[in-house]
Amino acid sequence: MKIKFLFVLLLGLLITNCGYKVINQSELINFFITDLDSSGDNRVNYKIKNKLLIYGKDKAGLKPIKINLNSNKTKTIKEKNIKNEVTKYWITINVNVEVKDRNNATIANFSVNHRGDYDVASQYFKTLNSEKRLIELLSEKLKDKIITSLINELNDL
């Protein structure tokens, strides 16, 4: 009985001390953005550009990159009630990202998208506010996906 207990205890200690370390994503960023162009939906581009501008600081040893964003926002009906009135909308935002180096040679092309829904309120301005909040949230998530994809693409080179 004691041997089984000691064996389980020793096995538990060995498994929990496997040496796995969580990597801080900010340590993997080896680039800075010199130029950021955008086309498509202006509101989405404005939000994403403002969030990406913090990566525009030149530091020694970092790769300069240029980014072209092409965003597309699609608003579709998700639900209708029994009176055939719209009660919920889907918003899907798709962003195509083209990454170039200092010499305008394409380094990477990728696409990120995210989808969310919002309810139609009884007053129109509340519905617009819900849509704006959703676009802000989706833009934040897309920015995170773009940064993650940039880290993955540029660290593989």
* Structure fact -> Those residues of the stretch 120-137 which are surrounded by fewer than 15 Cβ atoms within 10 Å (Cβ to Cβ), not polar (S, T, N, Q) and not in a helix (DSSP H, G or I) amount to 121
* Given 68, 72, which one is outside any helix (DSSP H, G or I), surrounded by 13 or more Cβ atoms within 10 Å (Cβ to Cβ), modelled with pLDDT of 85 or more and in contact with a Gly (Cβ under 8 Å, 6 or more places away or on another chain)? -> 72
* Structure fact -> Residue pairs qualifying under the 7 Å Cβ cut-off, at least six apart or on distinct chains, with the first in the stretch 128-145 being within 17 Å of residue 77 (Cα to Cα) and the second being modelled with pLDDT of 90 or more and open to solvent by 70 Å² or more (accessible area, probe 1.4 Å), are 130/119
* **Candidates 109, 84, 103 - the one that is of a type outside the set (Val, Ile, Thr), open to solvent by 90 Å² or more (accessible area, probe 1.4 Å) and at pLDDT below 90** => 103
* Asked: Residue check: is residue 56 modelled with pLDDT under 90, in contact with a strand residue (DSSP E or B) (Cβ under 7 Å, 6 or more places away or on another chain) and under 18 Å from residue 140 (Cα atoms)?
  -> yes
* Asked: Among (1) more than 19 Å from residue 149 (Cα to Cα); (2) open to solvent by 40 Å² or more (accessible area, probe 1.4 Å); (3) touching a residue at least 24 places away in the same chain (Cβ under 8 Å); (4) touching a strand residue (DSSP E or B) at 6+ places or on another chain (Cβ under 9 Å), which single condition is residue 91 missing?
  -> (2)
* Residues of the stretch 34-75 classified as of a type in the set (D, E, K, R), touching a Phe, Trp or Tyr at 6+ places or on another chain (Cβ under 6 Å) and under 18 Å from residue 153 (Cβ atoms), total -> 1
* Structure fact -> Filtering the stretch 40-54 down to residues that are open to solvent by 50 Å² or more (accessible area, probe 1.4 Å) and over 16 Å from residue 134 (Cβ atoms) yields 42, 49, 50, 53, 54
* Asked: Out of curiosity, is residue 110 assigned to a strand (DSSP E or B) and over 15 Å from residue 36 (Cβ atoms)?
  -> yes
* Just to be sure, is residue 78 of a type outside the set (Asp, Glu), under 16 Å from residue 154 (Cα atoms) and in contact with a Lys or Arg (Cβ under 8 Å, 6 or more places away or on another chain)? -> no
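The values are calculated or read from the model by the stated rules, or taken from the named source; none is laboratory data. The structure displayed is predicted, hence computed values, not measured ones. Neighbour counts run over all protein chains shown; Cβ positions are idealised from the backbone, glycine included. Note: accessible area is taken over every heavy atom of the protein model, side chains too, but ligands, DNA and RNA are not part of it. Shrake-Rupley method; radii C 1.70, N 1.55, O 1.52, S 1.80 Å.
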